[in-house]
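The values are calculated or read from the model by the stated rules, or taken from the named source; none is laboratory data. Quantities reported herein were computed from a predicted structural model and do not represent experimental measurements. Cβ: placed from backbone, ideal geometry, glycine included. Neighbour counts: every protein chain shown. Remember, those area values only see protein heavy atoms, side chains included, never the ligands or the DNA or RNA. Shrake-Rupley method; radii C 1.70, N 1.55, O 1.52, S 1.80 Å.
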Amino acid sequence: MSFSVFNSMTRSVEPFVPLEPGVVRMYNCGPTVYNRPHVGNYRAFLFADTLRRWLEYLGLRVEQVMNITDVGHLTDDADEGEDKLEKQARREKLDPWQISRKVTEQFFADLAALGVRQAKAYPKASEHIPEMLEIIEGLLAKGHAYAVGGNVYFDVKSFPRYGRLSGNRVEELEAGARIAVREDKRNPEDFALWKSDPAHLMKWATRFGPDGFPGWHIECSAMSRKHLGERLDIHTGGEDNIFPHHECEIAQSESFSGKPFATYWMHSKFLQVDGGKMSKSLGNTYTLDDVAAKGFNARQLRFALIRGHYRAPLNFTWESMKDAASSLENLDDLVVRLRRVAKGQEGAGQPQAGLELVQAARKTFEDGMNDDLNVSRALPGLMALRAAALEGRLGSAAALDALEFVRRANEVLGVIQVDEELLPAAIEALIAARQAARKAKDFKESDRIRDELLAKGIVLEDTPKGVVWRRKA
RNA sequence: GGCGGCAUAGCCAAGUGGUAAGGCGACGGAUUGCAAAUCCGUUAUCCCCGGUUCAAGUCCGGGUGCCGCCUCCA
C-alpha cells in the first residue's frame, strides 16, 4: 500500500506522488507572531510535523518551509483597521518588532519542547518585502492587478478558477458580504496585495507610496516561491486558511507563474475544547505553560494532539489529556518489556518466536499511516505488540526486531521514551535496601522506601523474577 | 443566506456493504505481605426518521445537534 492523502482541492483521497521522485517540497502556513501559540495552533503544527516525519519514514527527502508572519494583519478591512501586531504592541507598551521577536522566540521554544523537527527554513514576512513586490509588479504587468492610490488589488475576475479550493462562488460571497466595500476596489471580492496607511508602524516606501505594507496573502506566495520554487508538492494549514488565504495564494501564484501552485492541499481540523469552540473569551486557549500547570508535559500533549486523525474534530479536555498520558505510559512500558525479552530475561523460549507478530504490527502501523496519516489506525499495531510481549509470545530475536520497529515508528510519532534510562546509584541503593527489608519481613520499612521512591517518580513492581522499576509519567 | 466537515460504549477513537479495532476508565475474580504490574471475565439495538439491498455504522433522502469558513484566527 502506498501513501494516500486527502487533497482539499479535489475533496478526495489520492495517491501521493511528488513532482520530483524522492523529494517533497512542502510549505506549512505558520503562525502570526502577535500572541503565544496555544494547543489549537500546536495541533496544526504537529500535523505538519507528523506528515513530514511520515514522508521521511517512507524514504523521501522533505524540503519543509514554514512561514513566520511578523507583519501585522489588519483586524478588519475598514480604513481604520488596526493590525494585530500593533494592537498587541500598544497593549504591552512595546513596539511591534519587539512583540514579533519575543513571540517568535517563544514559538520556537514551544516547538522544540513538543519535539517538532526543524524545518529547512522559517522565513519571515518582514524580510521578504522585495520578493513580494516582484510578484506584485509581475501581476500588475500581466493585468491581474491594479493600483489605486497607494493600494494594489488583485483582480479576482482575471482568475476564473478563484473559488475552486473553497467551493465558494464569487456571487454568493457578494451576497454574504458584511464588510463595507472599499470604494476604490473594482469588485468587492478583490483582495489587497499592497496597502498604504501613514498611521501604520510597520511600513515600507515603494513606488506606490512612502507608507506601504503587504497584504496578507502575498507573503506566502513570495516566500514559498523563494525557498521552494514555483511549484509545491504539499501546502498545509488549518482549515480556516482555506478561504480566503489559500484561495488568494493560488490566484496570485498561478497568475504570476502560469504554473499550478501546489499539487496537494492539506488542512487540519480545528481543535475543540470541552466539546465546543476554543476562544480567548472562554479562557480555554491553553498554552504549554497551562498544560504544565495541570501536571502534563509537552511529550504527553504531543501524544494527545496527534493520536486522533488530523481531519476529524478532536475534543481536548483535561480528562482526555489524562487518558493520553496513561496510554503513553503503556507505550513507554512496551519498550521496557521488549528490552527485557530481547535480553532473554523473559519471553518465549524460541528466539524466533513471534516474528510474524512483529511483521503484522509493522503492517498495521504502516497501513494506518499510509491511509492519510491515520494515526488512530496505526497505533493498535504498537498496542498489539505490547500484548504479545506481555503474553510471552515473543522470543529474544523477535523482541529485538520489535524494538527496532518501535524505534522507527517513534521516529514518526516522536513521543515514546525509547532510550534506556539508567538509575543513579543512590536510587539503586534504595531499591536494594528495600529488597533487604522485604527479605527480613520488615514491611513497614520496605513500604516506607517504596513511598520514598514513588515521591521521586520511581514505581516499583515486584515480579516473580525480581523487582523492576519504571518511571511514573 | 452560501460553502464544507463531523455525530460509534462512561470518556478518547478506528472502521474499505457482510455482521462493531484500539486506548483510557469502571466493575468482578486470580495473583501479591500490602500495593503496583500482570492474567481471566464483564462493560455498544453505531444521533433520529424513512429508503435501497439477501445484508447498512458504512449507500440514498429528510431531520436534529456540534464545528469551521464566507476578507486577514491553526
Here are some conditions: (1) surrounded by fewer than 17 Cβ atoms within 10 Å (Cβ to Cβ); (2) under 30 Å from residue A:15 (Cα atoms). Residue A:305 meets all but one. Which one does it not meet? (1)
Subset of the range A:250-275, residues touching a Gly at 6+ places or on another chain (Cβ under 7 Å) and either open to solvent by less than 50 Å² (accessible area, probe 1.4 Å) or away from RNA strand B (no atom under 14 Å from the Cβ) (or both), comes to A:256, A:267, A:268, A:271
Output the number of residues of the range A:314-328 satisfying the condition of being part of a helix (DSSP H, G or I) and either open to solvent by less than 50 Å² (accessible area, probe 1.4 Å) or among the aromatic types (Phe, Trp, Tyr) (or both). 7
Matching residues, the range A:192-239, being under 26 Å from the mean Cα position of the chain (by Cα), surrounded by fewer than 19 Cβ atoms within 10 Å (Cβ to Cβ) and in a loop (DSSP other than H, G, I, E, B): A:229, A:230, A:231
Which pairs have Cβ atoms under 6 Å, sit 6 or more apart or on different chains, and link a residue in the range A:251-271 that is touching a residue at least 60 places away in the same chain (Cβ under 8 Å) and under 12 Å from residue A:231 (Cβ atoms) to one that is in a strand (DSSP E or B) and away from RNA strand B (no atom under 16 Å from the Cβ)? A:262/A:232; A:263/A:233
Applying the selection to the range A:80-127, what residues are in contact with a helix residue (DSSP H, G or I) (Cβ under 7 Å, 6 or more places away or on another chain), closer than 30 Å to residue A:415 by Cβ and of a type outside the set (Asp, Glu)? A:111, A:113, A:114, A:115, A:116, A:117, A:121, A:123
Can you pull out every residue in the range A:307-323 that is farther than 17 Å from residue A:371 by Cβ and within 7 Å of RNA strand B (Cβ to nearest atom)? A:313, A:314, A:315, A:317, A:319, A:320, A:322, A:323
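For residue A:339, indicate whether it is open to solvent by 40 Å² or more (accessible area, probe 1.4 Å) and either within 28 Å of residue A:50 (Cα to Cα) or within 14 Å of RNA strand B (Cβ to nearest atom) (or both).
In short, no.
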Of the conditions (1) without any contact (Cβ under 8 Å) to a residue 24 or more places away in the chain; (2) within 12 Å of RNA strand B (Cβ to nearest atom); (3) small (Gly, Ala, Ser), residue A:388 satisfies every one except a single condition; which number is it? (1)
Let me confirm something: among A:63, A:86, A:56, which residue is at pLDDT below 95 and more than 10 Å from RNA strand B (Cβ to nearest atom)? A:86
Pairs only if they're at least six apart or on different chains, beta carbon under 6 angstrom, first in the range A:449-466 and in the same structural domain as residue A:432 (by TED's automatic domain parsing) and within 7 Å of RNA strand B (Cβ to nearest atom), second of a type in the set (A, V, I, L, M) and open to solvent by less than 90 Å² (accessible area, probe 1.4 Å); list them, first residue then second. A:450/A:460; A:460/A:467; A:461/A:468
